[in-house]
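Please read the structure below before turning to the comments.
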Amino acid sequence: MRQPKVEETDRLLTEIAKSGDQLPAAERRQFLKSGLSMLGGAAALAGAAKYAPPNVPPWTKSLGAPVIADPYGQPSPFEKDVVRRNVPWLTADRIASISFTPLADIKGIITPSGLVFERYHAGRPEIDPDEHHLMIHGMVDRPIILSMDELMRFPSTSMIRFLECPANGGMEWRGAQMTKLQFTHGMLSCCEWTGVLLSTILAEVGVQKGANWILAEGADGSLMSRSIPMEKALDDALVVFAQNGEALRREQGYPIRLINPGWEGNTCIKWLRRLEIGDSPYYQREETSKYTDLMPDGKAREFTFVQEANSVVTTPSPENPLKGKGKYWLEGLAWSGRGKVKAVDVSFDGGISWRPARLTGMIEPRALTRFGLEWDWDGSPALIQSRCIDETGYVQPTYTQLRAVRGSSSIYHKNAIHTWRLHADGSVTNVQVS
Amino acid sequence: MFRFPKLYKFKRLSLIVLLVAAFATTVVNAKVKGVGHYGYGKVATAEEIAGWDIDIRPDGRGLPPGSGSVEDGEILYEDQCASCHGSFGEGVGKYPVLAGGEGTLTEERPEKTVGSFWAHTSTLFDYIRRAMPFPQPASLSDEETYAITAYVLYLNDLVEDDFVLSQDTWDEVAKLPNNSNFVPDPRPDTQAVRCMKDCKKEVKIVSEPTITAEEVAAADDTIVKAAAGNENEKGASVYNGACAVCHNSGVAGAPKLDDKATWKARLALGEATLIKHAIEGFQGDAGMMPPKGGRMDLSDEDVAAAVKFMLAEAE
C-alpha cells in the first residue's frame, strides 16, 4: 500500500487536531478562561474545576498537535509570565544593562538557557561562528588563531556551575529596595557548561616563564575585557561553546565564552575573541572604575573574584505567596564560589532560632544547590531567612556583620542573609531586620 | 597583588581530599603533550596580532604612536562625548560622571570619577579606544583618543590647558590621584558562626522598600508603546531594540522621539530621504546619525520599518 507523503500526513493530522479543537468551541473558551485564571492563583482553581473528575476535558477527546509543530520546542503558553525582566531605572538604557532570572518560577538547579540573566555592556552582538576567531598570544611560545571548528576539536569537558553577577543584590546594600525575588537575587543562573579547559589551550600554546595574568577580551561593541590570574586559568577556567546541551545562547556569548567557576560573572567574558598572556594585570575599566569594592575608609578592594556563600528562600517569596495555613515545602537556593554547599539553615523568627534544612538533588561544587524543609504554617506572621554554610566552613553573614566590615557603598558582593516578611494573609514582602 | 582566599577552617581530611584532587588534575593535564601537540589553528603573525592587540597597560605598554592635545580634545569631547557625559564631565542622566567628586569616597554617596577614584590613565585611554563613543565603539583614531584622554584629564584639573598627551608625556600622568588606594581582596572578612538557638534577643524590621509595585511598573518608561493608530509592530520592535538608546533621551544630538518641533523640519524631507539617511548615516547640525545607528546587524527593511514607526509617532 502506498504511504501518503509525510507532509500530507502532517496536514491531515493538523486538520484533525484543529477540528477537534474547534468542535467544543464553548468548552474551549471555558478551558482558556479557566487556564488563564489558574495563572492567577489557587483561589481561582476551585472555580476552574469544570474538567475535574468525573468530567473529561476536550484535549482528551481530540488529537493534539503533530510532531515538529514546533521544530524547536517552546514552553507552554500558560508559562508566558516566566520570563527575564529588567529594572528600567537601574541603567541609562537597555544596551548597557542587565536582566534578571525569574528565580521564583524555576525548579531544580539548572536554569533553562532562555532564562539565564543577561548582562551587556554594548548590547548583544550577532556573530557568525564561521567568522569568529579566538587569538591566543602574548607570553607564549606559539601564538595561534583558532577557528571555532578547530577549538571544538580539543578534548572537552562539562561542568554544572552557577553564574552570578557580583552586583547581584547590590541594590539592597543601603536598605531593602526591590519588591520581588527576581530583582533581589535574579542576577544568578546555573547551567551545564561544555567546553575546553583553558589549561588545555595554554599547554598547546606554551606559557612562558613569568606569565602570571591573562587578559580575556570579547568581540562585542565594548570589547569587554578582564584580567584573569594564571592560577585560575590553570585550575578550572573553561572556554565554553555549549550550555545545557546545545550551542551557547547569543545572550551568553555565542559562539564562545569564558567561565571562571565560582567567580564574578563579569570575568566570564562572552563572545571571547582574544586571550593575551602577560606578566601583570591589565587594569581594564571593569576591574578598576567598576567591579572594585569601595570600603568605608575610602580604600577600594580590587580583583575581588570569588562569589561568597549565599542563599535565598524561593517559596515563600513575593512571587510565591502562601494560600492559607497548613503544611508547606519551603524551598530555596544556596551556592558558594568556594566549593560545595555543606548545609543550609532556615529561620522563621528573623534569625533568633534556626532549623537545618535538607539539601535536595545534586550537590555540585560552585553550583546552585536546592534546599527544602517541611513546615506547618499556623497562619501567623513570620520573618523567614536562610543561611548557607559552605564546605570551607564559611557561614553566610547577616547585614549587620557585613556592613560592620564593608559599610554600604561597595555595590558588589552583597551576600547577606535575606529576610522575607510573611504576612498573616500569606503575602510576602522584602524587609531587612536588626 | 592578588591573593587566593585562605583555605581556612579546612578539616585535615578535606585538605587531603583536595590535594588528591589537585594531583589528579595535574595527571590529567600532564596527559596533554607539549606545545603544539594538537597543532590546531594557524600561527598568528605579528600583523594579525597587531590588528587585535588593543590593550594599554598602566606603564604605557601598548600605546600607539601619535599624540593629542587638550585643545583638540575639547572640540572632540563636545562633539562626541558631552551629550552623555556632560560638557564638564558631570554626566547626563544615568551616564557616567567623569570629573569631580574628589574627597567623596568616604561619604554616604561617593562620586567615583576619573579624578576621584580611577587608578590609571591607561584605563581611560584603553576604554575610550575600545568602547567609546557609546553608539559607535572603536571609531576614534589614535590621535583623537589621545586628545580626548588629555581633555578628560584636564576636566579633572590634572593637566594644564596646553598639555599634549603622547608616549613621551605618559609618565607624567600615568598614575591618577587615587592610585595608591586600591588594596587586595582580604575575604573572607566576616566571621559569622552557626548559632542555632537564642542567637539574638530581639528582632526589629529596620528597612522596607519605599517604592510600591505600582511605582515600579510606572517607571517602566524605556519601552515606547506605540501611539493609537500606529500599528507598525516591527518598527516599534526595532525602535525599542536599537533606536531608543539615543532617540529616547536625545543622546549624541539625536532628535528625541517625542520632540515634535524638531521632527517637523525632518518630516519635510520626506520618508524616502530619511530612510536613506538612517541606513547610510547622516551628518546633521545637532549630531551625527551613524549608518543604521551603528547596528549593522539590522537589515535595510528593519531600519525602514523603524523610521516609518518614528515618523508616525512624530506626526
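At an R0 of 60 angstrom, the distance between the Cβ atoms of B:Glu78 and A:Arg142 translates into a FRET efficiency of 0.80. Our coupling estimate for segment A:179-190, obtained by passing each phi through the Karplus curve with A = 6.51, B = -1.76, C = 1.60 and θ = phi - 60°, is 9, 9, 4, 3, 9, 7, 9, x, 7, 8, 8, 8 Hz, Gly and Pro reported as x.
The label-point distance for A:Asp297 and B:Arg109, in a model that sets each label 7 Å from Cα toward Cβ, rounds to 2.7 nm.
Taking 25 Å as R0, compute the FRET efficiency from the Cβ-Cβ separation of B:Thr262 and B:Ser141 and round it to 0.05. Before the final figure, lay out each step's value.
Details: r = 30 Å, r/R0 = 1.22.
With a Förster radius of 25 Å, E is 0.25.
Would you tell me the mean number of C-beta atoms belonging to other protein chains that fall within 10 Å of each C-beta in A:387-395, as a whole number? Intermediate results must be reported in sequence, preceding the final value.
Numbers: counts 3, 0, 2, 0, 6, 9, 7, 8, 8.
Neighbouring Cβ atoms belonging to other protein chains average 5 per residue here.
In this structure segment B:51-181 gives 44 Å² per residue of accessible area when probed at 1.4 Å with all protein chains present. For the segment B:55-63, counting C-beta atoms of other chains within 10 Å of every residue's C-beta and taking the mean gives 4.
Label zone of B:Glu271 (point 7 Å out along Cα→Cβ, amide N under 19 Å): in segment B:231-250 this covers B:231-240.
Excluding ligands, DNA and RNA, what is the accessible area buried between chains B and A, summed over both sides, using a 1.4 Å probe, to the nearest 100 Å²? When B and A are taken together, about 8800 Å² of accessible area is lost.
Kirkwood Rh, Cα Rg: Rg to Rh for segment B:227-314? Let's see the in-between values first.
Values: Rg = 11.6 Å, Rh = 12.7 Å.
Result: Rg/Rh = 0.91.
Can you give the alpha-carbon Rg of segment A:225-384 over 2.2 N^0.38 Å, where N counts its residues?
Working: Rg = 20.0 Å, N = 160, 2.2 N^0.38 = 15.1 Å.
Compactness ratio reported: 1.32.
Average accessible surface for chain A: 38 Å² per residue, computed with a 1.4 Å probe over protein heavy atoms with every protein chain in place.
Roughly to the nearest percent, how much of the accessible area of the protein assembly as shown is carbon and sulfur, given a 1.4 Å probe? Roughly 55 percent of what the probe reaches on the protein assembly as shown is carbon or sulfur. Contact with the other protein chains removes 30 Å² or more of accessible area, compared with the isolated chain and a 1.4 Å probe, from these residues of segment A:171-191: A:Arg174, A:Ala176, A:Gln177, A:Thr179.
In the protein assembly as shown, taking the dipole from charged Cβ atoms about the Cα centre, the farthest positive-side position among A:Ala404, B:Asn179, B:Cys81 is held by A:Ala404. Here the Gaussian network model covers chain A, with springs between Cα atoms less than 10 Å apart; of A:Gly186, A:Gly350, A:Gly73, A:Gly73 fluctuates the most.
Stretch B:Glu280-B:Gln167 to full length: gain in nm at 0.36 nm per residue minus the Cα-Cα span? Working shown, then result.
Working: separation 113, 0.36 × 113 = 40.68 nm, distance 3.64 nm.
Length gained between B:Glu280 and B:Gln167: 37.0 nm.
Evaluate E = 1/(1 + (r/R0)^6) for A:Val67 and A:Lys323, where r is the Cβ-Cβ distance and R0 equals 41 Å; express this FRET efficiency to the nearest 0.05. The formula returns an efficiency of 0.60 here.
For segment B:51-181, the orientation-averaged shadow of the C-alpha convex hull comes to 7.8 nm² (one quarter of the hull surface).
For segment A:310-431, what does the relative contact order come out to in percent, with C-alpha contacts under 8 Å and a separation of six or more?
Normalised by residue count, the contact order of segment A:310-431 is 32 percent.
Note on the protein assembly as shown: along the principal axes its Cα atoms extend 87, 75, 64 Å, ordered by decreasing extent. Using alpha carbons only, the radius of gyration of segment A:89-297 set against its Kirkwood radius gives Rg/Rh = 0.97. For segment A:83-112, state which residues have at least 30 Å² less accessible area in the presence of all protein chains than in their chain by itself, taking the probe as 1.4 Å and leaving out ligands, DNA and RNA. Residues shielded by partner chains are A:Pro88, A:Trp89, A:Ala92, A:Asp93, A:Arg94, A:Ile95.
How do the peptides A:256-268, B:91-103, B:189-201 rank, highest first, by the average count of neighbouring beta carbon atoms within 10 Å per residue? Intermediate values should be presented prior to the final figure.
On the way: A:256-268: 24.9, B:91-103: 17.5, B:189-201: 12.6.
Going from most to least packed, we get A:256-268, B:91-103, B:189-201.
Within 10 Å, count the other beta carbons around each residue, average over each peptide in A:240-248, A:219-227, and list them highest first.
A:219-227, A:240-248
Residue-normalised convex hull volume from the C-alpha trace of chain A: 187 Å³ per residue.
I need to check one value: relative contact order of chain A, counting alpha carbon pairs closer than 8 Å and at least 6 residues apart, in percent.
Numbers: 941 pairs, mean separation 60.3, N = 434.
Value for chain A: 14 percent.
Could you tell me which of the pairs A:Lys50/A:Lys107; A:Lys80/A:Lys107; A:Lys80/A:Lys180; A:Lys299/B:Lys175; B:Lys234/B:Lys308; A:Lys107/A:Lys180 are separated by over 20 angstrom between their Cα atoms in the structure shown?
Numbers: A:Lys50/A:Lys107 28 Å; A:Lys80/A:Lys107 16 Å; A:Lys80/A:Lys180 18 Å; A:Lys299/B:Lys175 16 Å; B:Lys234/B:Lys308 10 Å; A:Lys107/A:Lys180 17 Å.
The pairs that break the limit, which is 20 Å between Cα atoms, are A:Lys50/A:Lys107.
Counting Cβ atoms of other protein chains within 10 Å of each Cβ in A:396-405 and taking the mean gives 3. Of B:Lys94/B:Lys256; A:Lys340/A:Lys414; A:Lys232/A:Lys414; A:Lys323/A:Lys414, which sit over 26 Å apart, Cα to Cα? The pairs that break the limit, which is 26 Å between Cα atoms, are A:Lys323/A:Lys414.
Residues of segment A:280-298 that become at least 30 Å² less accessible with every protein chain present than in their own chain isolated, using 1.4 Å: which are they? Buried-area filter returns A:Tyr282, A:Tyr283, A:Gln284, A:Arg285, A:Thr288, A:Ser289, A:Leu294, A:Gly298.
The values are calculated or read from the model by the stated rules, or taken from the named source; none is laboratory data. Values in this document were obtained by computation on a predicted structure and should not be read as measured data. As a convention, Cβ positions derive from the backbone with ideal geometry for all residues, glycine included, and neighbour counts pool all protein chains shown. Heavy atoms of the whole protein, side chains included, go into the accessibility calculation; ligands, DNA and RNA do not. Shrake-Rupley method; radii C 1.70, N 1.55, O 1.52, S 1.80 Å.
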